[in-house]
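Engineer: Before we start, here is the structure in question, set down as structure tokens.
The values are calculated or read from the model by the stated rules, or taken from the named source; none is laboratory data. Remember, it's a predicted structure, so these values are computed and weren't measured experimentally. Reconstructed Cβ throughout: ideal geometry from the backbone, glycine too, with neighbour counts over all protein chains shown.
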Amino acid sequence: MTEQTQERRRPNRGPLPGLVLFVVIAGSLVLIGAGLFSGQLSRGGLLPWNGDCTVSTADGEVGLDREEAKLATTAVALSAQGMAAPDTSDLDPSVVRRLAEGPPEDAGASLSCRGSVREDVPEQQPTATGLTPRAELVRESMTDVFGEQSLGGFAPGGVDQGHQEGSTHYEGRAIDIFFRPVSEENRRDGWMLAHWLVAHAEDLDIQYVIFDDQVWSARSSRGQWQDYRASDPGNEILRHLDHVHVDVVRGGTD
């Protein structure tokens, strides 16, 4: 038998070993990716490909871009008052349902948005209403959607007492919106407003939203609601159980 014949009879391994190696590596990457994905969700973080905002629904986390979040929160607020609402047929129905009804077991946060603070806004002084122009715009924008509300934390000429030291209320940058008495229904109404404020925070230069033992900060890139630690845990006002607090950025060297 010639050397050439022996060469022809050698087993032809072809690309099979390389293909097997590729499958093993690809499978490992899938498992690693799944672990990272579930780990990110378990930590409550906003996924980078999941949009600017997320809504916790019965079917899991649903990502929205900021325009969708503004549309959804405005639509449910207007619908709750029996007013004509914008079309939300392009949105996931579970998102609109959760924002309208809240979590079934207990009122609480359902929508979160990534924080964002503009660096080029000028510092402002209070106007005749006792609010800075930015805070006044927040008040007007809320009224356009939610109608007349029970407001506090500001007054013509400003306020200089009734709040904690260093409060943004003393600078005319904060508004309190009351939902009294503290009840399940009023908490759900308060969360409807809180979600709307978070969704519109970028447009309105909102810095903080505080409600129901929770705080959202525009300075948090993750945009998650965090536990709010009141100086007196026994005081429902300091815990913001009976009102939503919203304040705007100072501007300048803020």
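Engineer: Would you be able to tell me the number of residues in the range 130-166 that are modelled with pLDDT of 95 or more, of a type in the set (S, T, N, Q) and within 15 Å of His240 (Cβ to Cβ)?
Structural biologist: Qualifying residue count, the range 130-166: 1.
Engineer: Has the range 146-158 got at least one residue that is under 21 Å from Arg229 (Cβ atoms), crowded, with 19+ Cβ neighbours inside 10 Å and either hydroxyl-bearing (Ser, Thr, Tyr) or in contact with a strand residue (DSSP E or B) (Cβ under 7 Å, 6 or more places away or on another chain) (or both)? Walk me through how you get there before you give the answer.
Structural biologist: Looking only at the range 146-158, we keep the residues that are under 21 Å from Arg229 (Cβ atoms), and these are 153.
If we keep only those that are crowded, with 19+ Cβ neighbours inside 10 Å as well, we get 153.
Now drop any that are not either hydroxyl-bearing (Ser, Thr, Tyr) or in contact with a strand residue (DSSP E or B) (Cβ under 7 Å, 6 or more places away or on another chain) (or both), which leaves 153.
Within the range 146-158, one or more residues are under 21 Å from Arg229 (Cβ atoms), crowded, with 19+ Cβ neighbours inside 10 Å and either hydroxyl-bearing (Ser, Thr, Tyr) or in contact with a strand residue (DSSP E or B) (Cβ under 7 Å, 6 or more places away or on another chain) (or both).
Engineer: Hey, another quick one. For the subset of the range 107-130 comprising residues that are polar (S, T, N, Q) and within 24 Å of Asp189 (Cβ to Cβ), which member is surrounded by the fewest Cβ atoms within 10 Å (Cβ to Cβ)? Break it down into steps so the answer makes sense when it comes.
Structural biologist: Of the residues in the range 107-130, the ones polar (S, T, N, Q) are 110, 112, 116, 124-125, 127, 129.
Among the residues that remain, those that are also within 24 Å of Asp189 (Cβ to Cβ) are: 110, 112.
Values: Ser110: 21, Ser112: 25.
Once the filter is applied, the top-ranked residue is Ser110.
Engineer: Residues Asp232, Asp205, Asp176: which one is buried (at least 19 other Cβ atoms within 10 Å of the Cβ), more than 20 Å from Gly147 (Cβ to Cβ) and in the same structural domain as Leu131 (by TED's automatic domain parsing)? Walk me through it before giving the result.
Structural biologist: Numbers: Asp232 fails: buried (at least 19 other Cβ atoms within 10 Å of the Cβ); Asp176 fails: more than 20 Å from Gly147 (Cβ to Cβ).
None of the other options fit; the residue is Asp205.
Engineer: Which residues, counting only those in the range 104-116, are within 14 Å of the chain's Cα centre (by Cα), in a loop (DSSP other than H, G, I, E, B) and modelled with pLDDT of 90 or more? Full working, then the answer.
Structural biologist: Looking only at the range 104-116, we keep the residues that are within 14 Å of the chain's Cα centre (by Cα), and these are 108-116.
Next, from what is left, pick out any that are in a loop (DSSP other than H, G, I, E, B): 108-110, 114-116.
Those that are within 14 Å of the chain's Cα centre (by Cα), in a loop (DSSP other than H, G, I, E, B) and modelled with pLDDT of 90 or more: Gly108, Ala109, Ser110, Arg114, Gly115.
Engineer: Let me ask another. Go through the range 107-141 and give me each residue that's under 26 Å from Gln226 (Cβ atoms) and free of Cβ contacts under 8 Å to residues at least 12 places away in the same chain.
Structural biologist: Glu119
Engineer: Out of the residues in the range 52-62 that are over 11 Å from the mean Cα position of the chain (by Cα) and closer than 16 Å to Arg114 by Cα, which is surrounded by the fewest Cβ atoms within 10 Å (Cβ to Cβ)?
Structural biologist: Of the residues in the range 52-62, the ones over 11 Å from the mean Cα position of the chain (by Cα) are 57-62.
Then drop every residue that is not closer than 16 Å to Arg114 by Cα, which leaves 61-62.
Details: Glu61: 15, Val62: 19.
Among those residues, the one meeting the criterion is Glu61.
Engineer: Out of the residues in the range 209-229 that are in contact (Cβ under 8 Å) with a residue 40 or more places away in the chain and surrounded by 21 or more Cβ atoms within 10 Å (Cβ to Cβ), state the one that is farthest from Ser110 (Cα to Cα).
Structural biologist: At the first step, the residues of the range 209-229 found to be in contact (Cβ under 8 Å) with a residue 40 or more places away in the chain are 212, 214, 216-225.
Still in the list and also surrounded by 21 or more Cβ atoms within 10 Å (Cβ to Cβ): 212, 216, 218, 223, 225.
Details: Asp212: 13, Trp216: 12, Ala218: 17, Gly223: 12, Trp225: 9 Å.
Taking the candidates together, the pick is Ala218.
Engineer: Hand me the list of helices (runs of 4 or more DSSP H) wholly inside the range 1-100 holding 1 or more residues that are in contact with a Leu (Cβ under 8 Å, 6 or more places away or on another chain) and either at pLDDT below 50 or not assigned by TED's automatic domain parsing to the domain that holds Phe146 (or both).
Structural biologist: Working: elements: 3-9, 16-42, 66-80.
Once the helices (runs of 4 or more DSSP H) in the range 1-100 are filtered for at least 1 residues that are in contact with a Leu (Cβ under 8 Å, 6 or more places away or on another chain) and either at pLDDT below 50 or not assigned by TED's automatic domain parsing to the domain that holds Phe146 (or both), what remains is 16-42, 66-80.
Engineer: Since Asp247 meets every condition but one in (1) surrounded by 19 or more Cβ atoms within 10 Å (Cβ to Cβ); (2) more than 20 Å from Val145 (Cα to Cα), which condition does it not meet?
Structural biologist: Just one mismatch for Asp247, condition (2).
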